[in-house]
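K.L.:
Encoded as structure tokens, here's the structure I'll be asking about.
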Amino acid sequence: MNNSTRDIDSLIELMAKLPGLGPRSARRAVLHLIRKRALMLTPLADLMQTVAVTARECLRCGNIGTADICDICTSHKRATGEICVVEDVADLWAMERSNVFKGRYHVLGGTLSALDSIGPDDLRIPQLLSRIETEDVQEVILAVGATIDGQTTAHYIADQLEGRVKLTSLAQGVPIGGELDYLDDGTITAAMTARKEI
Ligand SMILES: [Zn+2]
């Protein structure tokens with residue numbers, strides 16, 4: 001590897017590992033960044049450095065932000081009585097983009113999996129149960145994936161919460177679990193509006 005391009009090559013290699021990019025897109029992106037140094041590269045580098053220090057999980061819901069408790073959890077405009085349970089932060093962000101849900105969230109950080117030995121304590125399930133105890137929650141919407149692990153997780157949570165709170169799930173046929181991101185806002189809205197009691 002030529003010394004004079006080593007850093008740039010390393011940058012391309014790292015960028016190529018990003019979701020949705022590959023070596024070809026990474027090369028184009030890096031070239032673009034360097035050509036737009038003042039407009040793109042410098043602000044991006046500054047922001048990355050900042051976010052590398054400040055990004056953290058919300059202690060209450062697991063959303064990613066730059067404060068100990070995220071904007072959604074602290075907002076007075078959000079309905080406190082509804083918690084939407086999602087697998088991943090990407091699902092939460094997708095739901096927010098669709099603008100259909102006005103309550104608060106709880107990010108599990110994955111699904112139960114016997115194969116990968118992921119149990120309830122490996123996810124944010126204990127934190128969810130304690131929120132039901134301490135917050136005035138009337139409805140929990142289980143917006144987890146239609147996969148076997150997703151459904152196992154939904155059943156486990158439903159068992160734990162049975163009789164304590166109204167339980168609903170998104171309308172069937174929605175592929176979720178880090179995949180809400182790929183749905184258009186209308187589909188998410190329809191699934192949320194047509195949610196059913198479990
Ligand atoms: Zn939060």
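K.L.:
Given the structure, is Ile34 more than 27 Å from Ala90 (Cα to Cα), at pLDDT 95 or above and among the β-branched types (Val, Ile, Thr)?
P.N.:
Judged against the criteria, Ile34 is a match.
K.L.:
If the Cβ limit is 8 Å and pairs must be 6+ apart or interchain, which residue in segment 59-76 that is of a type in the set (Asp, Glu) pairs with which residue that is more than 9 Å from the ligand (Cβ to nearest atom)?
P.N.:
Here the result reads Asp68/Arg56, each pair linking segment 59-76 to a residue that is more than 9 Å from the ligand (Cβ to nearest atom).
Let's see how each residue does on (1) crowded, with 18+ Cβ neighbours inside 10 Å; (2) within 30 Å of Ala190 (Cβ to Cβ):
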| site | (1), (2) |
| --- | --- |
| Asp46 | no, no |
| Thr80 | no, yes |
| Val86 | yes, yes |
| Val89 | yes, yes |
| Gly109 | no, yes |
| Ser117 | no, no |
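K.L.:
Output yes when any residue across segment 14-25 is closer than 30 Å to Ala67 by Cβ, part of a helix (DSSP H, G or I) and modelled with pLDDT of 95 or more, and no when none is.
P.N.:
Yes, that holds for at least one residue.
K.L.:
Quick one: Leu39 ticks every box in (1) outside the structural domain of Gln160 (by TED's automatic domain parsing); (2) surrounded by 12 or more Cβ atoms within 10 Å (Cβ to Cβ); (3) under 30 Å from Ser10 (Cα atoms); (4) not small (Gly, Ala, Ser) bar one, so which box is it?
P.N.:
Leu39 satisfies every listed condition except (2).
K.L.:
While we're on this one: Are any of the residues in segment 100-107 away from the ligand (no atom under 16 Å from the Cβ), among the aliphatic types (A, V, I, L, M), buried (at least 19 other Cβ atoms within 10 Å of the Cβ) and at pLDDT below 95?
P.N.:
Scanning segment 100-107 turns up no residue that is away from the ligand (no atom under 16 Å from the Cβ), among the aliphatic types (A, V, I, L, M), buried (at least 19 other Cβ atoms within 10 Å of the Cβ) and at pLDDT below 95.
The values are calculated or read from the model by the stated rules, or taken from the named source; none is laboratory data. As the structure is a computational prediction, the values presented were derived from the model and not from experiment. Quick reminder, even Gly has a Cβ in these numbers, built from the backbone with ideal geometry, and neighbours come from all protein chains shown.
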